[in-house]
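So the structure is just underneath, and the comments pick up after that.
The values are calculated or read from the model by the stated rules, or taken from the named source; none is laboratory data. Not measured: the values here are computed from a predicted model. Please note: Cβ atoms are built from the backbone with ideal geometry, for glycine as well, and neighbour counts cover all protein chains shown.
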Amino acid sequence: MQSSAIFKKWELGVPVSSLAVNGNGDWGMAALGDGGARLFDAQDASAEPKALTLHDGVSLSLKPDADAHAFLSGGDDGKVVIADPVPGTATVLAEHKNKWVDHVAGAADGKHRAYSIGKKIYILDEEGQEKFTADLPSSAGGLRFSPNGKRLAASHYNGISLWWLNAKETAPETREWKGSHLDLIWTPDGKCVLTSLQENALHGWQLVDGKEMRMQGYAAKVRSMAFSARGKYLVTSGAEQIICWPFSGGGPWGKPPLTLGGMDGRLVTQVAPHPKDEMVAAGYNDGMVVLAPLDGRMEIMIAPPQSGADKAVTGLVWNRDGDALYAGTESGTVMLFTIDSVRKAVVQAG
């Protein structure tokens, strides 16, 4: 493995709570532990980040907005905020005083936004007006629109709830499995929903026939999961290795996962599959970042482990073209890796 391919590093002095890239893939945003944020021009690696204030507190959820140019954030100040990289403004979309906005989501088709406060879900139309609200049996663990934007799923205790956004009836469909369901993800074809569980496992449902899947054996909770570029693998954190569940050729039933790396007791905290190639970036709880091909070849270390406390990688995102990778850490560092800087590091080490 190589030593370092960091092109640029910013020491922000405040923990990075999350990283996101907008729908267009041309801007990245780091949400900070003091309610501030930094905007990164993901098409210009030489550009310095812009500072922006999102909340009078902490951003609890940062996601791409329904407007593909912007970001959507929910905070512990009760505000839902749209952050526009150009000109660099934050606009309050909704506010609930003395409440926490736990989760936000923007539909990829641009027609809806949603957010959750405790057990209540708020669904907004493309103009930002409330379309309807829904109550869950317990607080939402995750909130995501389907890839085509036509459905919304929320995870909660003992299962998930799903809504068709253009239906006259707003009562949800439900899928049940005992336990506390945290974040969730749709398969790229929109046919399955999977959740991470409190007990260090994943559970999923095929929505058409209700067939279920369960993936377990993790050392920690799965806090980060995403599908590879062609949907062949579901790539997840939560173990010493990068765990990649096969979703081609009939799905994961009865198949072992592809496992990449294995770092002497380190845990994977963040994963980011490359947007075009069969490769995944992974960040660890000691600040190390690697690139791992999905064909099982040796991974490349592009940032070494860090010394001291509060060093875990808390955010990891690619830009649209896949030639720039951003990593944020608990210690308040944002690192930028470019494909050129990775190649140069490999040549120098080899």
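What the table shows:
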item	result
Answer from ALA167, ALA153, ALA105 - the residue that is within 22 Å of LEU32 (Cβ to Cβ) and of a type in the set (A, V, I, L, M)	ALA105
Subset of the range 1-46 [among the hydrophobic types (A, V, I, L, M, F, W, C) and farther than 24 Å from PRO273 by Cα]	LEU12, VAL14
The range 240-280 - residue that is among the aromatic types (Phe, Trp, Tyr) and crowded, with 19+ Cβ neighbours inside 10 Å and, of those, nearest to the chain's Cα centre (by Cα)	TRP245
Scan of the range 69-81 for residues that are under 16 Å from ARG144 (Cβ atoms) and either among the hydroxyl-bearing types (Ser, Thr, Tyr) or in a loop (DSSP other than H, G, I, E, B) (or both), ordered by number	SER73
Inter-residue pairs, beta-carbon under 6 Å, first in a loop (DSSP other than H, G, I, E, B) and in the range 323-335, second β-branched (Val, Ile, Thr), 6+ apart	ASP323/ILE339; GLU330/THR314; GLY332/VAL14
Check on ASP67, more than 21 Å from ALA226 (Cβ to Cβ), without any contact (Cβ under 8 Å) to a residue 40 or more places away in the chain and either over 17 Å from the mean Cα position of the chain (by Cα) or surrounded by fewer than 23 Cβ atoms within 10 Å (Cβ to Cβ) (or both)	no
Verdict on GLY283 being within 21 Å of ASN200 (Cα to Cα), in contact (Cβ under 8 Å) with a residue 24 or more places away in the chain, crowded, with 24+ Cβ neighbours inside 10 Å and in contact with a Phe, Trp or Tyr (Cβ under 8 Å, 6 or more places away or on another chain)	no
The range 14-34 - residue that is of a type in the set (Gly, Ala, Ser) and in contact with a strand residue (DSSP E or B) (Cβ under 6 Å, 6 or more places away or on another chain) and, of those, surrounded by the most Cβ atoms within 10 Å (Cβ to Cβ)	ALA31
Single match in ALA134, ALA140 (criterion: closer than 22 Å to VAL80 by Cβ, part of a loop (DSSP other than H, G, I, E, B), modelled with pLDDT of 95 or more and not hydroxyl-bearing (Ser, Thr, Tyr))	ALA140
Qualifying position, being without any contact (Cβ under 8 Å) to a residue 60 or more places away in the chain, over 26 Å from THR269 (Cβ atoms) and within 20 Å of the chain's Cα centre (by Cα), among ALA83, ALA37, ALA107, ALA47	ALA107
Single match in ASP34, ASP44 (criterion: at pLDDT below 95, out of contact with any Pro (no Cβ under 6 Å at 6 or more places or on another chain) and either within 22 Å of ASP340 (Cα to Cα) or in a loop (DSSP other than H, G, I, E, B) (or both))	ASP44
Complete set of residues in the range 295-315 that are buried (at least 24 other Cβ atoms within 10 Å of the Cβ) and closer than 18 Å to VAL14 by Cβ	VAL313, THR314, GLY315
